[in-house]
1. Scan (1) surrounded by 15 or more Cβ atoms within 10 Å (Cβ to Cβ); (2) in contact with a Lys or Arg (Cβ under 9 Å, 6 or more places away or on another chain) for the single condition D147 breaks and write down its number.
2. Would you call S108 of a type in the set (G, A, S), surrounded by fewer than 10 Cβ atoms within 10 Å (Cβ to Cβ) and closer than 30 Å to W163 by Cα?
3. Just wondering, is there one or more residues in the stretch 51-58 that are modelled with pLDDT under 50 and of a type in the set (F, W, Y)?
4. Any idea which of I175, I151, I130 is of a type in the set (A, V, I, L, M), at pLDDT 95 or above, in the same structural domain as E194 (by TED's automatic domain parsing) and under 27 Å from D205 (Cβ atoms)?
5. I want to confirm something. Restricting to the stretch 1-47 and keeping residues that are modelled with pLDDT under 85 and either surrounded by 15 or more Cβ atoms within 10 Å (Cβ to Cβ) or not assigned by TED's automatic domain parsing to the domain that holds K199 (or both), which single residue is farthest from L183 (Cα to Cα)?
6. What tally of residues in the stretch 171-203 results from selecting those that are part of a loop (DSSP other than H, G, I, E, B) and acidic (D, E)?
7. Of D218, D161, which residue is over 30 Å from I130 (Cβ atoms) and either of a type outside the set (S, T, Y) or modelled with pLDDT under 85 (or both)?
Amino acid sequence: MIDTQETFYTAKNDNVFKSIFCDENNTFLLKTLIERCLNTKIQIIKIYSPEKIKENIYAKGQILDLLIKADNKLINVEVNSGFYEGMHRRNFSYVSGKYNEDVKIGESYLDMNDVMQINFTWGLPSCYPILGRYKPADVETRIEFVDNFKIYEYNIDKIKDLWYSGDKKYEFLAILDCNKEELDKIESGDPYMEGFKKKINTLNDNKEYKEFLSAEEDMRKTNNTFKEIGRREGIKEEKRKIAMNLLKENIDIEVISKTTGLSIEEIKSLK
């Protein structure tokens with residue numbers, strides 16, 4: 001079990017993120033975050049997050065982060081605490097599903113909302129930019145196929161590096177992954193920063209809430225461990241099949257061992 005007294009949970013954890021930003025009674029932090037990400041003013045009409053986690057709720061929800069109706073926009077926010085193969089397909093499948101739903105709702109295709117996704121992502125490969133802006137467009141002319149669908153992806157690792165170097169352009173996002181000592185280095189005076197610091201410190205002072213997060217993290221790590229064991233066993237089983245086929249062709253055992261990575265003893269046991 002994780003030592004919850006020593007652990008400081010940041011908004012990299014999707015439940016912490018929702019606890020801070022999914023407050024329907026006070027949308028200031030969420031509104032400010034979205035406005036700074038999109039560089040435009042918005043008026044939040046509704047927050048759709050049926051499984052959102054607040055300070056006094058200790059129930060595991062589906063890992064869906066946030067959907068917002070603001071003005072003529074549907075904005076999906078995703079917290080991706082680690083990059084993995086297929087993650088972008090997962091993100092895209094969700095936001096494209098919302099685009100499809102919006103098509104069905106409107107009386108005319110011209111009545112559709114702008115559909116956007118904002119990703120806060122950790123662990124992206126180094127080739128990805130600090131801010132990736134994606135939309136359906138022609139490869140050569142860059143002519144937009146549709147004008148109301150966009151994806152923004154913020155590379156939080158590079159943003160933290162930028163912040164460490166003294167560049168405060170994206171400090172409002174670097175704060176998402178600041179520990180207690182780093183939070184103390186952020187200057188006061190910005191209501192968004194001050195509000196964020198107050199809420200995340202309050203959450204980390206809540207023993208029951210941290211125990212809930214710790215238990216959830218242990219469960220996630222256990223599930224990931226079993227998945228990895230299954231993946232490795234699948235790979236090993238495939239190597240065994242290859243070795244058996246090579247044995248049928250009377251290929252030398254040492255060659256089979258070098259080819260598959262199986263030990264000579266393992267290959268002999270297949271005979």
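The values are calculated or read from the model by the stated rules, or taken from the named source; none is laboratory data. These figures come from a predicted structure and were not determined experimentally. Reconstructed Cβ throughout: ideal geometry from the backbone, glycine too, with neighbour counts over all protein chains shown.
1. Of (1) surrounded by 15 or more Cβ atoms within 10 Å (Cβ to Cβ); (2) in contact with a Lys or Arg (Cβ under 9 Å, 6 or more places away or on another chain), only one is false for D147: (1).
2. For S108, the condition - of a type in the set (G, A, S), surrounded by fewer than 10 Cβ atoms within 10 Å (Cβ to Cβ) and closer than 30 Å to W163 by Cα - is not met.
3. yes
4. It is I175.
5. Among residues in the stretch 1-47 that are modelled with pLDDT under 85 and either surrounded by 15 or more Cβ atoms within 10 Å (Cβ to Cβ) or not assigned by TED's automatic domain parsing to the domain that holds K199 (or both), the one farthest from L183 (Cα to Cα) is M1.
6. The initial filter retains those residues of the stretch 171-203 that are part of a loop (DSSP other than H, G, I, E, B), namely 178-179, 186-190.
Subset that is acidic (D, E): 187, 190.
Here the count works out to 2.
7. One residue alone meets the criteria, D218.
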